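Have a look at the structure below, then the notes.
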Amino acid sequence: MKIIPADQFTPEELTDAYNETRMDYLVPMPMNVARFQEYTRVYDINMSCSCVVYDAEAELVLGLGMLGVRADRGWITRLGVLPYGRRLGTGSTIMSGLLAQSENLGVKTVWLEVIKGNTPAHQLFYKFGFQDVRELVVARRPPNPDINQAALDRIKRVTSLNHEDAIILLSHRKERPNWLNETETFQNARNLSALLVELHNGGRGWVTYHAGLLQLTRLVVEVTVGDPCEVTESVLSIMHQRHKRQDTIAENFCDDGIWQGFQKVGYFESFRRVEMKREM
Ligand SMILES: CC(C)(COP(=O)(O)OP(=O)(O)OC[C@H]1O[C@@H](n2cnc3c(N)ncnc32)[C@H](O)[C@@H]1OP(=O)(O)O)[C@@H](O)C(=O)NCCC(=O)NCCS
């Protein structure tokens, strides 16, 4: 059993290995090569510091784990071991490798997320000194042309902004975003849109998002003035009025007043992640 840097493998080999390790996963998340490459680019994955455990005799990838690096922060992701090779120390070998790489790079804090209810992974992360930080919601909304008129009537003014302005809004957020929603992610992504919304009662908020043909993704909402639930409902209502046909996915936001606003416009919880961190 050898531990090899991920950049020694092709994207095809890594995608296949990743999918094999996730055959029995709690939430199915298969990837194709294009998505895998997009993922590593957008989330700043350092391939030479990511680890693959390889059985040279069987010529088989037993498991892998990836390390994202931004300034003095690290992020562990895509960790997985083949189902029949588990509980033999492979997951621990990968974690030790990723933490050693983090230390070499001078990373101060390593972050990760685990799906709530994934006990094997959660236990593994506790064993390696990670602590729970907060719960994050992943939510979806099917296309639905019925928009609450009252939420639209509360709106005084809507300003549409381009990608560059969306990045400026994102870089001024009050709350610390999760790795997936950090400003670096959106700088790496393309074609963000933003709507800045003012209500008659003085409430203010904005949404940034990527509008694909079939899906709205990369959603972030912030309420700058007013009731978080009410402002979010209006902000999302105007966005969905302009994008009636798309399905929407919103990832890794906190369970707060903003989430209540999401629910008012038809979002439902898909699953939750637990954000964890370890100081180095
Ligand atoms: C999580 C995962 C990577 C662990 O890999 P592994 O090779 O089985 O891990 P190890 O053999 O090194 O186990 C290390 C520790 O993890 C924990 N652990 C692993 N499997 C466990 C299980 N089924 N139940 C409870 N704890 C478990 C234990 O603390 C274990 O230490 P111990 O054996 O001293 O009790 C593996 O189960 C997996 O690939 N799961 C599917 C993908 C996944 O969940 N990835 C993580 C996404 S965040």
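Every read-out reported here was derived from the displayed coordinates using simple, explicitly stated rules and does not represent laboratory data. Here the structure is a predicted model, which means the values were calculated and not measured. Don't worry about glycine lacking a Cβ; one is built from the backbone with ideal geometry, like all the others, and counts go over all protein chains shown.
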Taking Cα pairs under 8 Å and at least six residues apart, what relative contact order does the chain come out at, in percent?
-> 21 percent
Against the longest principal axis of the chain, how steep is helix 228-242, in degrees 0 to 90 to the nearest 10, with axes from Cα atoms?
-> 90 degrees
Aspartates and glutamates with Cα under 16 Å of residue 277, excluding same-chain neighbours fewer than 8 positions away = 72, 103, 113, 132, 135, 182
Remind me, relative contact order of segment 17-169 in percent, using alpha carbon pairs under 8 angstrom and six or more residues apart?
-> 17 percent
Rounded to the nearest 0.05, what FRET efficiency do residue 24 and residue 176 give with R0 = 22 Å and r taken as the Cβ-Cβ distance? Could you check?
-> 0.10
What is the mean projected area of the alpha carbon convex hull for the chain, to one decimal in square nanometres?
-> 14.4 nm²
Taking N as the number of residues in segment 2-107, what is its Cα Rg relative to 2.2 N^0.38 Å?
-> 1.00
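Kindly provide the helix-only [θ] at 222 nm of the chain, computed as the sum of -39,500 (n - 2.57) over DSSP H runs of four or more divided by all residues, to the nearest 500 deg cm²/dmol? Could the numbers behind the result be given before it?
Numbers: 9 runs with 89 residues, N = 280.
The per-residue figure over the chain is -9500 deg cm²/dmol.
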Of all DSSP beta bridges having both residues in the chain, the percent classed as antiparallel (nearest 5) is 90 percent
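Nothing charged except the Cβ atoms of Lys and Arg (+1) and of Asp and Glu (-1): what's the magnitude of the dipole of the chain about its Cα centre? Round to the nearest 20 debye. Could the numbers behind the result be given before it?
On the way: 32 positive and 35 negative charges, 99 e Å.
Around 480 debye, computed over the chain.
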Let me have the relative contact order for segment 1-65, percent, based on Cα pairs under 8 Å that are six or more residues apart.
-> 47 percent
Most packed first (mean Cβ within 10 Å per residue), the peptides 84-96, 222-234 order as 222-234, 84-96
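On alpha-carbon atoms, Rg over Rh for segment 95-152 using Kirkwood Rh?
Values: Rg = 19.0 Å, Rh = 15.1 Å.
Dividing the radius of gyration by the Kirkwood radius yields 1.26.
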Compare the peptides 183-192, 72-81 by average per-residue count of other Cβ atoms within 10 angstrom and give them in order, highest first.
-> 72-81, 183-192
Taking N as the residue count of segment 139-272, its alpha carbon Rg divided by 2.2 N^0.38 Å gives 0.95
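Tell me, what is the FRET efficiency for residue 10 and residue 263 to the nearest 0.05, using R0 = 51 angstrom and their Cβ-Cβ distance as r?
On the way: r = 43 Å, r/R0 = 0.84.
Taking R0 as 51 Å, the efficiency between residue 10 and residue 263 is 0.75.
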